[in-house]
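**Student:** Quick one: the structure is below, questions incoming.
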Amino acid sequence: EASRSYMNHYVIQDWTNEPYIRGSFCHANSLVTIEIMSRPLGLNKVFFAGEALPVGRNDWGYVDGAALSGKAAAEQIIYSWRNCRCWLPLLCKWGLCFA
């Protein structure tokens, strides 16, 4: 009851009704598969994270695993920006660099 005073708005989401999501489920059968799925695409332009891409072996399928995976993806993005060899590093931050 006390926590209701902190809540401004909430949404109950039925992912099975989302036309582009449809409530999918992911299961990787090996750590190699997870490592491959965790790699960025498009010259480090698209990064993936979530409960299906755990950082540790015991983080699979849980919110804390999704949070750790998101943090790892954010660290990958920052690393790619800092190590850009573009003639104008700001282009990397805008996602326009192809170096």
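The values are calculated or read from the model by the stated rules, or taken from the named source; none is laboratory data. It should be emphasised that the depicted structure is a prediction, and the values quoted were computed from it without experimental measurement. In this analysis, Cβ positions are derived from the backbone assuming ideal geometry, glycine residues included, and neighbour counts consider all displayed protein chains. Surface accessibility is based on the protein's heavy atoms, side chains included, excluding ligands, DNA and RNA. Shrake-Rupley method; radii C 1.70, N 1.55, O 1.52, S 1.80 Å.
**Student:** What FRET efficiency, computed as 1/(1 + (r/R0)^6) with R0 = 30 Å and r the Cβ-Cβ distance, is obtained for Tyr79 and Glu18, rounded to the nearest 0.05?
**Tutor:** Details: r = 32 Å, r/R0 = 1.06.
Calculated transfer efficiency: 0.40.
**Student:** Just how much of Glu51 is accessible, in Å², when a 1.4 Å probe is used and the result is rounded to the nearest 10?
**Tutor:** 90 Å²
**Student:** Another question about this same structure. Considering only protein heavy atoms, with the full assembly of protein chains and a 1.4 angstrom probe, order Tyr20, Tyr79 by accessible area, largest first.
**Tutor:** Ranked list, largest accessible area first: Tyr20, Tyr79.
**Student:** Given a 1.4 Å probe and heavy atoms of the protein chains only, how would you sort Arg39, Arg82, Arg4, largest accessible area at the top?
**Tutor:** Arg82, Arg4, Arg39
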